[in-house]
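Below you'll find the structure, written out as structure tokens, and then a few comments.
The values are calculated or read from the model by the stated rules, or taken from the named source; none is laboratory data. What you see is a predicted model, and the numbers here were worked out from it, not measured in a lab. Every residue, glycine among them, receives a Cβ derived from its backbone with ideal geometry; neighbour counts consider all protein chains shown.
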Amino acid sequence: MNYKLLLIVFVSGLFISQIPASYTAPTTELREAISYEGDTIYSSTGTTPTQTIKTIMFRDDDAHLWYNFITFKNITDTLIINRIPQTNGVISHKGGTIYSPILRVEYSTRTTPTQTLPIQPIKTIMFRVDDAQPWFNFITFKNITDTLIINRIPLTISVIPYSGGTSIGNDTTLKTYLNTIKNYDTVELALNGYMHTVNEFGYRDQAAEEARISSGLAIFKSELNLVPVTFIPPYHQYNTATVNAAKNKGLTRFSTGSYNDNYPWQEKPSGLLHVPVVSEFYDWDVNRPRTYDQITSDCQISLEKYNACVILLHSGTFNGSAVVDPVKYKTLLEVINWTHKKESEGVKLVTIKQYVR
Ligand SMILES: [Zn+2]
């Protein structure tokens, strides 16, 4: 189990000598120190033992009778307004009385001494870049993925292992690039079928589908030295045999379209979490790019309903006469800005692999 914890303990009394009358809460520093790497922050009572994500907790010790309440409140309020969950260690019996009156009033308005504030549901945005494959337009693809990477937007790249009669291993430019970026925390490489042909999945028995997944996994192993966790059925074609095959082959995330996923954001079967696309950069029905408003509003609706959103893009739809179409590229930059605005409001940005309900 990848269980990684950090518990930060401090005593508010230690802050007294350092806090002048004009003390200002260290809002910026606190945010930057904690929120940058996509870690989830829980109080110790809000921790779920089964989670595999990284967790930071704050413990503020030694609240007790008739001590420097103003400093205590300053420190704890700073954590609260910065949405940092905390567990307060309370000395319940000191000087013959349980809690000072002012401490009791303060706690009764916000929480009880042994509880922490209720944790808001975490909203999550993910980006999926589809159809990395041998001998496609690598320059546009790299332009789009690099843009996301340098803007700190986590992305899940769906990789077609074998296409056009050849493996990704034979396109050394693509292979080298994928082997470099796979090491970034913000990059996930997902299995996008095997050959990505029409009806490759959703129309065979389970054994045949497992065989194709195995072929894809073998190329991931030999060319990328990687075991993917996310399965993306080509053309979003799948049936029950497909999800069972994906699960049997060890995949734990399943990403199709929300329009044909009956179990969005659920585990079905157990161990295979569905993480469907809800918003897209391109409208394939009418063959034209979708607008900034369309892309962001679809995502926003899903954030409100499911606390999660996956935005899909295909680098090929950004091709222009000079490699990358500047108008389409501008939409990408605007959506990135919108995503960072959501992040500043508390939305998490993760890869599909990192997503936790
Ligand atoms: Zn695809």
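Quick test for you: out of ASP171, ASP185, ASP205, pick the one residue that is more than 16 Å from the ligand (Cβ to nearest atom), in contact (Cβ under 8 Å) with a residue 60 or more places away in the chain and charged (D, E, K, R).
The match here is ASP185.
Say we look at region 146-168 and pick out the residues that are small (Gly, Ala, Ser), farther than 30 Å from LYS342 by Cβ and assigned to a strand (DSSP E or B); which of these is farthest from the ligand (Cβ to nearest atom)?
Residue satisfying both the conditions and the ranking: SER167.
If you check THR180 against the conditions, is it under 30 Å from LYS348 (Cβ atoms) and among the polar types (S, T, N, Q)?
Yes.
Give the number of residues within region 308-332 that are away from the ligand (no atom under 16 Å from the Cβ) and at pLDDT 95 or above.
Residues meeting the conditions: 4.
Select, from ILE119, ILE149, ILE153, ILE139, the only residue that is modelled with pLDDT of 95 or more and surrounded by fewer than 23 Cβ atoms within 10 Å (Cβ to Cβ).
When all the criteria are applied, what remains is ILE153.
Pick from region 309-348 the residues that are in a loop (DSSP other than H, G, I, E, B) and not charged (D, E, K, R): which of them is nearest to ASN143 (Cα to Cα)?
In this case the residue turns out to be ALA322.
Residue by residue, here is whether (1) within 26 Å of TRP265 (Cα to Cα); (2) not in a helix (DSSP H, G or I) holds:
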site: TYR177; (1), (2): no, no
site: ASN199; (1), (2): yes, yes
site: ALA211; (1), (2): no, no
site: GLY216; (1), (2): yes, no
site: GLU223; (1), (2): no, no
site: LEU226; (1), (2): yes, yes
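Taking interchain pairs and intrachain pairs at least six residues apart, which have beta carbon atoms under 7 angstrom, with the first residue in region 307-328 and of a type in the set (Asp, Glu) and the second modelled with pLDDT of 90 or more and part of a helix (DSSP H, G or I)?
ASP325/PHE318
With the condition kept exactly as written, say whether any residue in region 266-275 is surrounded by 18 or more Cβ atoms within 10 Å (Cβ to Cβ) and more than 17 Å from the chain's Cα centre (by Cα).
No, region 266-275 contains no residue that is surrounded by 18 or more Cβ atoms within 10 Å (Cβ to Cβ) and more than 17 Å from the chain's Cα centre (by Cα).
Would you check which residues across region 116-136 are at negative phi and within 15 Å of the ligand (Cβ to nearest atom) and list them?
Passing the criteria: PHE127, ARG128, VAL129, ASP130, ALA132, GLN133, PRO134, PHE136.
Mind listing whichever residues of region 253-271 are closer than 19 Å to LEU217 by Cβ and in contact (Cβ under 8 Å) with a residue 40 or more places away in the chain?
Selection gives ARG253, SER255.
Residue check: is ARG288 assigned by TED's automatic domain parsing to the domain that holds LEU303, free of Cβ contacts under 8 Å to residues at least 24 places away in the same chain and away from the ligand (no atom under 16 Å from the Cβ)?
In short, yes.
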